[in-house]
Amino acid sequence: FNARHTANDWIAMWAALARRYSPNATVVGMGLKNEPRQVCAGRTLNGMGSLCDISFLNVSDRSGVCMKASWSSGPKHLQYRVAVQRAGQAILWENPRFIISICGLDYGTNMEDVPQALPDLPRAN
């Protein structure tokens, strides 16, 4: 999520995509987010790129400050489990036959807290 697109925007987008592709039997699932990772304030590309504004995360906008999501601990707005659970539920509301794929944190490599706090999605799916 960023200053222009909130978590609610992201969830609404997934619901709209599920609604759009529900009639298409060749679409069997949705992969919620590819390689979620930390967001840092300041300029990208070693100071040469665009400015990344992380003020939407309720932190100061000092250069070098980084915010990192966790699976199910820390501030609620940085808990990835909450976000994928809400998005998965919105998708399954539109089409309960869809398979929901969830990528781990830190470029897809970190799933260590997932077994202890699974997202609340229907098991039959």
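The values are calculated or read from the model by the stated rules, or taken from the named source; none is laboratory data. Computed from a predicted model, the values in this text were never measured in an experiment. The protein model used for the area step is the full one, side chains on, heavy atoms only, and it has no ligands, DNA or RNA in it. Shrake-Rupley method; radii C 1.70, N 1.55, O 1.52, S 1.80 Å.
Things to note:
- For LYS33, the amide hydrogen comes within under 5 Å of the amide hydrogens of CYS103, counting only partners 5 or more places away or on other chains and with H modelled in the peptide plane.
- The figure for ARG97 is an accessible area of roughly 100 square angstrom, using a 1.4 Å probe on the protein chains alone.
- Gain on full extension, evaluated as 0.36 nm per residue between SER101 and ALA25 minus their Cα-Cα distance, stands at 25.6 nm.
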